[in-house]
Amino acid sequence: MFFRLFSLIFLLIATQTAVAKSTTLESIRYWTDATRSRLVFDLTQEAKGQQVFQLDKPNRLVIDLKNTRISSALKQPAKDHVLFRSVRSGIRNKTDLRVVVDLKRSASSDSFTLKPNKKQGHRLVVDLLSPKSAMQADKKVYKAVAKKTAIAAVKKTAKVEKKAIKSISQYGRDIIVAIDAGHGGKDPGAHGPKGTQEKKVVFAIAKKLQALINKKPGMKAIMVRKGDYFIKLRKRIEIARAAKADLFISIHADAFKSSKVKGASVFTLSNRGASSEAARWLARNENAADLVGGVNLGDKDDDLAMVLMDLSQTATKEASKKVAKKVLNNFGSIGHLHQRHVQKAGFLVLKSPDIPSILVETAFISNPSEERKLNSAKHQRKMAKAIYKGVLSYFEQYAPADTYIARNSNQKHVIARGETLSEIAQQYGVSMRSLKIVNALATTQIRVGQVLKIPRG
Ligand SMILES: [Zn+2]
């Protein structure tokens, strides 16, 4: 302990000595070209806290160097030097060095330090511009100021625009739907008995779905793949996230070993992987797409995906299930369903922990009659519309509060036991007064089972 204390004190003294060690000015060098005259101060340490300034009558340049000594007499400039007349030095405040350079005329100056290189040590460089280049420098400054003014003007315009955008956003933002047409490029997906490629028909359905969504005010659809090219499954999730998607829909039309199997199914992600044999089979095929792309994700990556899934909010899963149900109901109304319930499978593409995601198997391409339907533009539109209707009915009920749809919907609230009007007003972010007006309530009394209209927030 005692030894430790001793060594600490020693260390403190040593450090202080190092700090106190003064810099030595070893030499001054002069250098001139058409635009400037340069002074180079060779120092043993980095110059710190130095001051460079000019005085007139007579014109002179002053360089104050903190805690610096001089090693030998300073070299004088050449007698015919264009700018420098002579150099002298003196001690200031006991430890500082003042170097005075007498000038033949005034000149604008600039100084900077240079760190050691292979040939030279620490340097302080002082440049003095010739009158002509000084004028050019002034012009440069003038130009810079002009540029700055221009930038400020542009910024101001941007601010005004931002304000305008903000006022639009007060009406609510668009709901973003990412549409993922399965497969693409070198990965054709499944084949029908007549050779129909899954990637082509699902892209056609996806485009039709996009058109339907984009027609609806307050909704915007983006295509994860915009043409016939391959995108890895994880990249598809990234694209949706980059677009700030509220929903991710992957569209497929797969095959099964039996050509009799037909109908649509809607999947959400399962935690424990596939929940039925067919789902397992499909999951294997969809996930195999990453192998087609030339990269095997391996077990580790999937483990990471599972960890992410565990961290995901129950809300995402719940939302996915709700959308899936709505879409499934609409498929039910246009024809044959393969599965009457929402299926769960470990599709990699559904693994966004924060974006509700569903995978729609529009039909079985392996079934001859469904292959025919998948190629029909009319039927493609029907399937797109079934998905659209499901998505729309979901968002009419569960649109995020900051969206246009949420703010313009005719929301209703069924009063549950124990609820009060003020609680309901708070829940929807509306005033008690507007709640009373919209529902023609004379008092704040409400009863269980009563349906309240919720005004726009
Ligand atoms: Zn597929």
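Dipole size of segment 21-127 about its Cα centre, with +1 on Lys/Arg Cβ and -1 on Asp/Glu Cβ: approximately 220 debye, rounded to the nearest 20.
Dipole check for segment 383-457: with +1 at the C-beta of Lys and Arg, -1 at the C-beta of Asp and Glu, and the Cα centre as origin, the magnitude is about 220 Debye.
Could you sort Lys385, Lys200, Lys118, Lys215 by accessible area so the largest value comes first, with the probe set to 1.4 Å?
Numbers: Lys385 100, Lys200 125, Lys118 210, Lys215 160 Å².
Listed by decreasing accessible area, they come as Lys118, Lys215, Lys200, Lys385.
Placing a label point 7 Å from the Cα of Ser369 along the Cα-to-Cβ line, the residues of segment 227-265 whose backbone N sits under 13 Å from it are 260-264. Between Asp110 and Lys186, the simple spin-label model (points 7 angstrom out along Cα→Cβ) gives 5.3 nm. Between Asp56 and Asp402, the FRET efficiency estimated from the beta carbon spacing at R0 = 51 angstrom works out to 0.20. For the pair Ala242 and Val125, the difference between a 0.36 nm per residue extended length and the Cα-Cα distance amounts to 37.3 nm. Cross-linked pairs Lys199/Lys385; Lys344/Lys412; Lys257/Lys325: Cα-Cα separations exceed 23 Å for Lys344/Lys412; Lys257/Lys325. Under 5 Å between amide hydrogens, built in the peptide plane, is the criterion, and for Ala253 it picks out Thr362 among residues at least 5 positions away or on other chains. Around the amide H of Gln411, modelled in the peptide plane, lie the amide H atoms of Ile454, all under 5 Å away and 5 or more residues distant in sequence or on another chain.
For the pair Arg92 and Asp354, label points projected 7 Å from Cα toward Cβ lie 5.6 nm apart.
Distances between placed amide hydrogens fall under 5 Å for Ser86 paired with Asp102, all partners being 5 or more residues away or on another chain. The 3J(HN,Hα) values that the Karplus relation (6.51, -1.76, 1.60; θ = phi - 60°) gives for segment 211-227 are, in residue order, 4, 4, 5, 5, 6, 7, x, x, 10, 9, 10, 10, 8, 5, 10, 9, x Hz. Gly and Pro appear as x. Think of segment 332-414 as a dipole: +1 on every Lys or Arg Cβ, -1 on every Asp or Glu Cβ, centred on the Cα centre; then among Gln411, Gly335, Ala386, Gly335 lies furthest on the positive end. Label positions at Met432 and Arg340, each projected 7 Å from the Cα along the C-beta direction, are separated by 4.9 nm. Would any residue of segment 30-48 have its amide N under 17 Å from a label point 7 Å out along Cα→Cβ of His81? List them or say none. Once the point is set 7 Å along Cα→Cβ of His81, 30-43 turn out to lie under 17 Å by backbone N, inside segment 30-48.
The values are calculated or read from the model by the stated rules, or taken from the named source; none is laboratory data. Quick caveat: nothing in here was measured; it's all calculated off a predicted structure. Glycine also receives a Cβ, built like all others from the backbone with ideal geometry; neighbour counts cover every protein chain displayed. Just the protein is used for accessible areas: all its heavy atoms, side chains included, with ligands, DNA and RNA removed. Shrake-Rupley method; radii C 1.70, N 1.55, O 1.52, S 1.80 Å.
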